[in-house]
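Participant: Pasting a structure here, questions to come.
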Amino acid sequence: MILQALNDYYQRLLTQGVGIALPGYSQEKISYVLVLSSAGELVDVQDVRVQVGKKLQPKLISAPQPEKRTSGVKSNFLWDKTSYVLGVSAKEGGRSAQEHQAFKELHCNLLADNTDPSLQALLKFLQQWTPEQFQPPLFNAEMLDSNLVFRLDGQMQYLHDTPAAQAIWSRLQAGADSKEGMCLVTGQRQPLARLHPAIKGVNGAQSSGASIVSFNLESFSSYGKAQGDNAPVSEQAAFAYTTVLNHLLRRDDSNHQRLQIGDASVVFWAEAANAAQADAAETLFWEMLDPPADDVSETEHLRQALDKVANGRALRELSPELEDDTRIYVLGLSPNASRLSIRFWETDSLGNFARRLAEHFQDLALEPLPWKTEPAMWRLLHATAPSRDGKSKAEDIPPQLAGELTRAILTGSRYPRSLLNTIIMRLRADGDISGTRVALCKAVLARDLRLGVKGINEEIPMSLDKEASNPGYRLGRLFAVLESAQHHALGGKVNATIRDRYYGAASATPATVFPMLLRNTQNHLSKVRKEKPGLAVTLEKEISEIIDGLPPQFPRSLRLEDQGRFAIGYYHQSQARFGHSKDEDADTTESTEQGAAE
């Protein structure tokens, strides 16, 4: 199903003429062009790199498909890196001489009987070139290990684009030893691929490329079939699906069909009536998966779309090019030794995906909002990693969680059970009770309640709810008030607050901690009462009001879901305090004293 969808997408791009590589060719990163005279002399070296930001990056040029190299020496046709083409490399103790010899032998064998002037010029160049000629002014150390192509002086096209070169490459592609069989992708009898082209651009995979379909050990073989015979895919289909995957995985600022979510490199594409509708659908889907953090207009566009689908409205009301029934394909790839793992594969209509993403953001909704725009999935995943000074690293994200969370969001199913457990563990370990982490706790519980999960029966407050009776939620509120009393009594001179010392124990085993915290709070209130008596009265009232709604005895332990509610209650109560103005203390003191006098 995946390979078939990729093959179909390649055929659509080919008919649309969007620059996808033709069969037997691929988009390669080329940095320099060697310009040859008809006598094989090196006339010039042209830098074809393009400016991207502050750096020069190689230019993507359609070239003959590269050899699949692991440890062997194999030369590409009419292009390659400097160690093959010129016999020079920045790597000390390498095998540049062996690689250059392979390049010369390949082209001498293939071009010897060809009379095309440009190809004969290349042969003459190879016969007279020596690595010692790699000297200024035409060459410099920066060029080492870059990819090079050739062009004949006075011609615009590269050597590999000439009709003579294309004819040779076409004969090579046909392959006399190709076996014919039934292709599992197209359902037709065609020449079968023994090895599939490499897929590049997946984070963490081998830089030379990796494979989805690959058999490299005898234990993977069956019935005497080895390598590509185990999963027969035609050469045409193998080229198509790998080419379009490399196109989707390309790294440039204009590519809005690729995202990195945890360890998964995610690509997606749309199947629509025309290219404009497909582009509009892909752009909206990209915005929903990775909401813009600092673009006001794009943020407003996204919120309008989410509001419309949440209210059952058609997306075409937002833009005439958006159609609810546009088909969207989403593929998540992760590195795994020599192959790629399919982390997830989902396909559905744009309207369905939009509704599920709207539900996801509704499940996350928390007041006050801890963000200016809806958080991207990669930001949510960072909340599951250990936090140091409020920062986390991508490599610390639990590896399986990215795929599980993305799948849950795209399908509308339960969030992974490990998500709540991981967040609670992080809250207890590093004490970083961020709004994003609390929102994830709330999302897990809210979705379970909506889906009718057994044991989840209570509404999850979006904002501070003083009437909520759940012990976990009320204890979280109580903990926040006790922390506030400490803060007002001791100011910012405390080395470690009660949150730093006791949050983990208070949220998991309240009976072991809260009696001691309440005793200490009396000392804090006594100090506050001397300086701000009105504030002390307010804090005492809040403590009494919360405790009145609790059971006579503090719970010995809280189950995981109630620990999540503890975090939500703590966040709501803390933010209610922080939401007041800077003059809160003075206003509170005055109003409370008047109330006491009455």
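Participant: What's the total number of residues in the stretch 70-111 that are open to solvent by 60 Å² or more (accessible area, probe 1.4 Å) and part of a loop (DSSP other than H, G, I, E, B)?
Facilitator: Just the residues of the stretch 70-111 that are open to solvent by 60 Å² or more (accessible area, probe 1.4 Å), to begin with: 70-71, 74, 90-93, 95, 97-98, 101, 105, 109.
From what's left, part of a loop (DSSP other than H, G, I, E, B): 70-71, 74, 90-93, 95.
Final tally of qualifying residues: 8.
Participant: Could I ask something else about it? Which condition from (1) part of a loop (DSSP other than H, G, I, E, B); (2) touching a residue at least 12 places away in the same chain (Cβ under 8 Å); (3) over 17 Å from Thr242 (Cα atoms); (4) open to solvent by 20 Å² or more (accessible area, probe 1.4 Å) is the one that Gly40 breaks?
Facilitator: It fails just one condition, (4).
Participant: I've got another one for you. Under 6 Å between Cβ atoms, at least 6 apart or on separate chains: pull out the pairs that start in the stretch 538-567 with a residue that is closer than 14 Å to Pro510 by Cα and in contact (Cβ under 8 Å) with a residue 60 or more places away in the chain and end on any residue that is among the polar types (S, T, N, Q) and open to solvent by less than 60 Å² (accessible area, probe 1.4 Å).
Facilitator: Gln563/Ser507; Arg565/Asn470; Phe566/Ser507
Participant: Here's a follow-up. Taking the stretch 346-391 as the region of interest, how many residues are touching a residue at least 12 places away in the same chain (Cβ under 8 Å), part of a loop (DSSP other than H, G, I, E, B) and not basic (Lys, Arg)?
Facilitator: Residues meeting the conditions: 17.
Participant: Something else about it: For the stretch 312-345, enumerate the residues that are in contact with a helix residue (DSSP H, G or I) (Cβ under 7 Å, 6 or more places away or on another chain) and part of a loop (DSSP other than H, G, I, E, B).
Facilitator: Across the stretch 312-345, the qualifying residues are Leu318, Ser319, Glu321, Leu322, Glu323, Asp324, Asp325, Thr326.
Participant: Among the residues of the stretch 287-294, is there at least one that is part of a loop (DSSP other than H, G, I, E, B) and out of contact with any helix residue (DSSP H, G or I) (no Cβ under 9 Å at 6 or more places or on another chain)?
Facilitator: Taking the stretch 287-294 first, the residues part of a loop (DSSP other than H, G, I, E, B) are 290-294.
From what is left, the residues that are out of contact with any helix residue (DSSP H, G or I) (no Cβ under 9 Å at 6 or more places or on another chain) are 294.
Yes; the residues of the stretch 287-294 include at least one that is part of a loop (DSSP other than H, G, I, E, B) and out of contact with any helix residue (DSSP H, G or I) (no Cβ under 9 Å at 6 or more places or on another chain).
Participant: Based on what the data block shows, is Ile456 assigned to a loop (DSSP other than H, G, I, E, B), at pLDDT below 95 and either more than 15 Å from Asp363 (Cα to Cα) or among the charged types (D, E, K, R) (or both)?
Facilitator: Numbers: assigned to a loop (DSSP other than H, G, I, E, B): yes; at pLDDT below 95: yes; either more than 15 Å from Asp363 (Cα to Cα) or among the charged types (D, E, K, R) (or both): no.
So Ile456 fails the test.
Participant: Another question, then. Name the residues in the stretch 332-356 that are among the basic types (Lys, Arg) and crowded, with 22+ Cβ neighbours inside 10 Å, would you? If you could, list the steps in order and put the result at the bottom.
Facilitator: Applying the first criterion (among the basic types (Lys, Arg)) to the stretch 332-356 yields 339, 343, 355-356.
Scanning the stretch 332-356 gives a single hit, Arg343.
Participant: Please go through (1) farther than 22 Å from Ala506 by Cα; (2) modelled with pLDDT of 90 or more; (3) touching a Leu at 6+ places or on another chain (Cβ under 9 Å); (4) in a loop (DSSP other than H, G, I, E, B) for Ile433 and return the number of the only condition it doesn't satisfy.
Facilitator: For Ile433, the failing item is (1).
Participant: Please go through the stretch 146-168 and give me each residue that is open to solvent by 30 Å² or more (accessible area, probe 1.4 Å) and among the aliphatic types (A, V, I, L, M), ordered by number.
Facilitator: Met156, Ala167
Participant: Restricting attention to the stretch 425-434, which residues are in contact (Cβ under 8 Å) with a residue 40 or more places away in the chain and open to solvent by 10 Å² or more (accessible area, probe 1.4 Å)?
Facilitator: Looking only at the stretch 425-434, we keep the residues that are in contact (Cβ under 8 Å) with a residue 40 or more places away in the chain, and these are 426-434.
Hits for the stretch 425-434 are Arg426, Arg428, Ala429, Asp430, Gly431, Asp432, Ile433, Ser434.
The values are calculated or read from the model by the stated rules, or taken from the named source; none is laboratory data. It should be emphasised that the depicted structure is a prediction, and the values quoted were computed from it without experimental measurement. Cβ: placed from backbone, ideal geometry, glycine included. Neighbour counts: every protein chain shown. Note: areas computed on protein heavy atoms with side chains; ligands, DNA, RNA excluded. Shrake-Rupley method; radii C 1.70, N 1.55, O 1.52, S 1.80 Å.
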